[in-house]
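Student: Following this message is one structure expressed as structure tokens.
The values are calculated or read from the model by the stated rules, or taken from the named source; none is laboratory data. Keep in mind the model is a prediction, meaning the values are calculated, not measured. Here Cβ is always computed from backbone atoms with ideal geometry, including for glycine, and neighbour counts include all displayed protein chains. These area figures cover heavy atoms from the full protein model, side chains too; ligands, DNA and RNA do not enter into them. Shrake-Rupley method; radii C 1.70, N 1.55, O 1.52, S 1.80 Å.
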Amino acid sequence: GRAPLLRPPRREEVRGAGVVAGAIWSGRRLRMATVVDSEKRGALAIDAAELGTWRWDMAANEFSGCSRFCTLLGLQNPPSGEASWSADRIIAQIEPSHRAAVTSFGLTCLESGKSSSVEFLIQSDDRGEYWLRAAGRAEGPSSRSQVIHGVLADIDIPRRAEAERNIAIRITEMPEAD
């Protein structure tokens with residue numbers, strides 16, 4: 001057995017390969033455009049909902065977040081983009097009676113690999129006491145991930161309205177004094 005002789009490709013073979021390569025390239029461009037479009041829609045929805053985005057690296061004991069995250073927590077806004085802080089600094093912003101719940105939320109996200117959420121109180125000099133809700137999910141498999149990504153929402157107005165409604169219900173349910 002001799003090795004087969006290599007011949008130059010025929011014109012129709014070259015054209016066919018070009019069509020296949022073009023189709024593959026067009027498919028990749030379409031997928032990239034779809035991803036970019038999806039990311040734009042996600043960013044627009046986050047902005048419209050006035051959510052702050054954050055990342056909690058529990059192994060490194062570090063938080064990073066967008067400017068809205070900073071505003072919601074009463075932190076100094078970064079000049080542009082995201083900023084990072086120690087997790088201890090972020091947890092210190094939370095009312096002491098709610099800190100354990102926030103830490104437990106983080107551990108639950110990591111252990112379960114599922115989305116979770118927690119509501120907690122913040123105390124700031126400019127706003128006083130107010131409620132926030134963090135929702136997040138671990139990055140990657142729960143067995144290896146130490147990073148949680150999530151959003152932060154201001155839920156103070158709905159929480160206060162609910163509390164006022166509950167007080168009104170209790171008042172109307174009280175027996176009348178004779």
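Student: Can you give the net charge of the other residues whose Cβ lies under 14 Å from the Cβ of Ala168, counting K and R as +1 and D and E as -1? Can you show the working numbers first?
Tutor: Details: positive: Arg160, Arg165, Arg170; negative: Glu162, Glu164, Glu173.
Within the 14 Å Cβ shell, the charges total 0.
Student: Another question about this same structure. How much accessible area per residue does the range 76-165 have, in Å², with a 1.4 Å probe?
Tutor: Values: 5260 Å² over 90 residues.
For the range 76-165, the solvent-accessible area averages 58 Å² per residue.
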